[in-house]
Amino acid sequence: MTKAKIKKDHLKLIFDRLKTSHKIIGPKVEGNVIVLAKIADFHDIPAGYKEQQGRGTYRLGSGKEPQTFSFSVGPDSFKRFMSPPVRENFAFKKSKKGISINQNSSRVREISTAFIGMRACDIAALRLLDKVFLEGPVKDVGYDSLRRNSLIVGINCLYPGDNCFCSSMDAGPEIRDGFDMAVTELDDSFLLEIGTARGREILNGLPIDEVSDKDLSEKVSKIENCKKMIKKSIKVSELPYLIYRNLEHPRWADVAGRCLACGNCTQVCPTCFCNSSYDNLQLSGISKKLPELSGARIRTWDSCFSTNFARVHGGNFRPSRRARYRQWMSHKLAYWIDQFGSPGCVGCGRCITWCPVGIDITQELEALHAR
Amino acid sequence: MHDKSIPFEATIRWIKKETRDTATYALKINSREIQRTYTFKPGQFNMLYIPGIGEAPISISSAPTDHEIMHTIRIAGDVTTYISRLNAGDVIGVRGPFGSSWPLEEIEDRDLMIIAGGVGIAPLRSVIRHILMSGGGKKSPSRTPIGKKFILYGAKTPKDMIFRDEFPRYMDAFQVFLTVDKADPEEYWRGEVGLITGLLNKVSFNPLNTVVFTCGPEVMMQSMTKDLILRGVPGEKIFISMERNMNCGMGVCGHCMFGPKFVCKDGPVFRFTDIEGFLGVKEI
């Protein structure tokens with residue numbers, strides 16, 4: 001069995017089954033925004049909500065849509081959970097005798113987490129993060145253990161957000177791989193596609209139905225329809241050379257005039273992985289028996305828009321906003337292809353929605369065509 | 001293999017003051033097990049860690065066959081300032097080795113020109129010592145089949161010249177050319193005065209058979225590379241050691257990006273033609 005069907009009212013049964021063995025992370029309304037958070041109750045899922053997203057705007061509607069999953073992506077993605085904003089690398093103690101480093105503190109055991117309602121772009125982004133954190137010269141142990149302890153239940157998007165362009169990045173709207181279970185909302189039921197043995201186990205004993213050819217063609221036509229509704233696009237075939245040819249294009253100065261270098265785009269981007277490490281000190285040393293100094297080395301998200309991101313002792317390699325915006329977009333759409341074999345953008349549109357001044361990456365790229 | 005994301009402890013065995021702001025620190029790894037597995041190649045770097053202060057990427061200035069791991073460090077930021085106050089016997093944290101190395105296979109049967117500016121000579125000393133120790137000197141029959149070997153080195157003043165006491169030994173195997181930006185009138189100086197690019201006129205070399213290893217200020221490396229190419233050295237035979245804000249060493253923090261390259265894992269040593277398109281771009 002790789003496909004099944006479940007009645008609309010029975011989706012809750014899958015949730016309850018997962019709840020017995022997993023911490024559940026999924027979409028939830030918090031402060032008028034659909035975020036990803038721990039979900040205790042099935043009714044936390046914002047069924048029927050529809051948000052309006054624009055350049056620099058996000059407005060959540062009332063929740064009266066007939067479909068359960070009519071909403072699109074909010075600011076959160078897998079990144080928040082797999083490579084958390086703040087993470088301890090190791091703890092240290094330093095005394096007159098020397099230093100000692102305790103790496104066990106960084107190996108926190110995580111209980112299994114089920115991510116529900118993840119979209120195709122999020123899953124595509126997670127696979128890009130895998131390339132960064134798992135396939136480099138040194139495997140990121142923390143990321144690896146969180147990643148392995150996760151179960152992914154995806155939702156095929158049938159209604160794109162206003163800033164989405166996943167279809168041009170070949171990242172959606174249909175989830176094609178990297179899931180344990182993928183759900184499509186049909187008119188009278190949910191179509192369930194099983195990706196792994198773990199995904200199949202969830203359904204054991206649940207009231208599921210056989211899938212007919214009609215159901216499958218309904219899915220295909222709904223996804224085709226969704227693709228047609230996507231408004232934005234990027235011509236991937238022009239990458240990376242459109243950017244490499246235009247590293248000194250006047251548009252960079254133009255966008256720097258609008259960009260606030262706030263770094264919002266990098267924080268909401270599901271693939272922006274840059275981080276910084278610093279020592280978090282605990283004051284001790286009151287008694288001579290205690291170590292002189294103890295603390296932990298903490299890794300936090302950073303952004304190439306930070307003023308000091310490229311600072312070395314003698315100076316700063318990217319003091320201007322022009323250079324920092326160029327770095328961000330060039331990395332996303334050009335450098336990434338050289339580094340990891342594909343663009344670092346999945347077309348989720350988050351950077352457009354959450355930019356306080358509404359800078360649109362698809363427009364900025366298009367503008368590089370102008371001479 | 002030890003986990004390169006976690007520092008190991010190393011003890012400073014001895015410190016040699018090189019100039020007023022630069023010293024060489026010889027480290028010995030505390031753990032026997034890591035001692036056995038730790039190997040590096042000339043041109044690679046370590047992240048030196050002072051708990052409570054931070055980390056700094058520092059190239060290795062010793063040869064792989066040296067008994068100790070040496071770092072030649074100029075005081076520049078918080079970490080290097082702190083290190084400058086340490087004594088023999090003190091313990092620091094080390095992660096590494098990281099990055100690419102000088103391509104020794106390229107210099108077989110060819111002439112080698114080493115061009116260094118300031119503290120940029122540190123990662124090149126690793127190659128120089130490696131060549132001397134593997135029998136590249138006059139006194140021992142050469143086992144490394146390298147042709148002519150040159151060192152071109154420039155510093156601010158004679159007093160800022162690092163490894164000055166070692167140059168006589170380098171002359172066993174290398175023709176050494178030195179220059180300073182400004183000679184100190186109170187000190188006897190027989191080398192040149194002026195930009196390092198001027199030294200090229202003094203060197204008689206065959207551009208088509210020469211491999212160049214260079215490390216120093218980026219502008220120096222750029223103008224030097226330009227001159228070398230004008231003289232007929234193929235760009236593919238010029239290797240540049242770059243400096244950026246290396247933070248993790250493993251290509252996962254993004255700070256050291258130079259165009260599409262991660263200087264920490266794709267570099268620091270690059271073939272000139274692989275980064276050519278980005279070298280002149282301002283604020284890349």
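Data overview
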read-out	value
Dipole in debye (nearest 20) - segment A:229-371, about Cα centre, beta carbon charges: Lys, Arg +1; Asp, Glu -1	140 debye
Point-to-point label distance, B:Phe278-A:Leu260, nm (Cα→Cβ direction, 7 Å offset)	3.0 nm
Separation in nanometres of the label points that stand 7 Å from Cα toward Cβ, at B:Asp227 and B:Ala76	2.2 nm
Beta bridges per DSSP with both ends in segment A:78-185, % antiparallel, nearest 5	40 percent
Whole-angstrom gap from segment A:148-225 to segment B:52-82, using each part's C-alpha centre	53 Å
For segment A:1-52, the fraction of alpha-carbon pairs in successive 10 Å shells from zero, as %	21, 46, 28, 4, 0
Spatial separation of Cα centroids for segment A:32-86 and segment A:318-362, in angstrom	23 Å
Most positive-pole-ward Cα, B:Pro64, A:Leu129, A:Cys345, against dipole of the protein assembly as shown from beta carbon charges	B:Pro64
Volume per residue of the C-alpha convex hull in the protein assembly as shown, rounded to whole Å³	189 Å³
nm² value of the averaged projected area, convex hull over the Cα atoms of segment A:1-107	11.9 nm²
Entries in A:Lys23/A:Lys219; A:Lys5/A:Lys131; A:Lys332/B:Lys282 that, when Cα-Cα distance is taken, lie over 22 Å	A:Lys23/A:Lys219; A:Lys5/A:Lys131
Cα gyration tensor, chain B - rounded (a/c under 1.5), prolate or oblate	rounded
Positive dipole terminus of the protein assembly as shown, leading residue within B:Gln175, B:Pro158, B:Gly280 (C-beta point charges)	B:Pro158
For chain B, calculated [θ]222 nm from helices alone, where every DSSP H run of n ≥ 4 adds -39500 (n - 2.57)	-4500 deg cm²/dmol
Three-way shape label, chain A, alpha-carbon gyration tensor, a/c 1.5	oblate
Beta bridges by DSSP in the protein assembly as shown, antiparallel share as percent, to the nearest 5	70 percent
Within chain B, percent of DSSP bridges classed antiparallel, to nearest 5	55 percent
In Hz, Karplus ³J(HN,Hα) per residue of segment B:87-94 (6.51, -1.76, 1.60; θ = phi - 60°; x = Gly, Pro)	10, 4, x, 6, 10, 10, x, 9
Segment B:104-241: C-alpha gyration tensor shape, a/c 1.5 cut-off, then a/b vs b/c	oblate
Sequence of A:Phe71, A:Phe81 once ranked by neighbouring C-beta atoms within 10 Å, starting from the fewest	A:Phe81, A:Phe71
Centroid-to-centroid separation of segment B:204-240 and segment B:83-125 [C-alpha atoms, Å]	19 Å
Exposure proxy ranking, count of Cβ atoms within 10 Å, fewest first, for B:Glu186, B:Glu55	B:Glu186, B:Glu55
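Computed from the coordinates by the stated procedures, all read-outs in this text should not be read as laboratory data. Source: prediction; values computed, not measured. Here Cβ is always computed from backbone atoms with ideal geometry, including for glycine, and neighbour counts include all displayed protein chains.
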